[in-house]
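This report concerns only the one structure given below.
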Amino acid sequence: MPGSIDSDGTIRNSLGTKIGKIESNGNVHDALFKFVGKIESDGTIKNSMHMPVGKVDNDGTVHDRSFKTIGKVDDNGTIHRENMMIIGQLPNVNKTWAAVAFFFFDFDMS
């Protein structure tokens with residue numbers, strides 16, 4: 001079973017264990033509720049030091065901190081590397097949340 005994100009923002013690993021949470025205000029916490037980052041309204045993803053680590057465009061294109069394209073999240077929740085190799089799938093999850101899981105939690109999404 002791949003990792004997942006529940007509709008309430010709870011992030012689970014491939015075993016179903018809670019490893020984090022995305023709050024409605026954009027704050028991202030680990031399983032112990034330690035603040036690990038934030039999603040800004042423009043799609044910028046910042047770490048706990050409020051430094052940008054990446055960005056997600058409205059079309060699902062994912063950029064690293066230097067704004068180099070590193071992948072894309074499509075409308076079905078499939079996450080691709082820049083070479084279109086599928087690295088994960090989070091169906092029924094918005095594109096920004098999928099990118100957050102990629103940046104902060106590095107769990108097996110395939």
**Request:** Grab the Cα-Cα distance for F33 and D8, subtract it from 0.36 nm times how many residues apart they are, and report the gain in nm with one decimal.
**Result:** 7.5 nm
**Complete:** If every Lys and Arg gets +1 and every Asp and Glu gets -1 at its Cβ, then about the Cα centre segment 30-110 yields a dipole, in debye to the nearest 20, of 240 debye
**Request:** Could you check how many percent of all C-alpha pairs in the chain are farther apart than 22 Å?
**Result:** 22 percent
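Tally the DSSP beta bridges in the chain and give the antiparallel ones as a percent, rounded to 5. All intermediate terms of the calculation are to be shown ahead of the outcome.
Details: 29 of 30 bridges.
So the antiparallel bridges in the chain amount to around 95 percent.
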**Complete:** Largest fluctuation, V93, V62, V73 only, Gaussian network model of the chain with Cα springs under 10 angstrom, belongs to V93
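Each value in this text was obtained by applying a stated rule to the coordinates, not by laboratory testing. In this text the structure is predicted, and so the values were computed from the model without any measurement. Backbone-built Cβ (ideal geometry, glycine too); neighbour counts: all protein chains shown.
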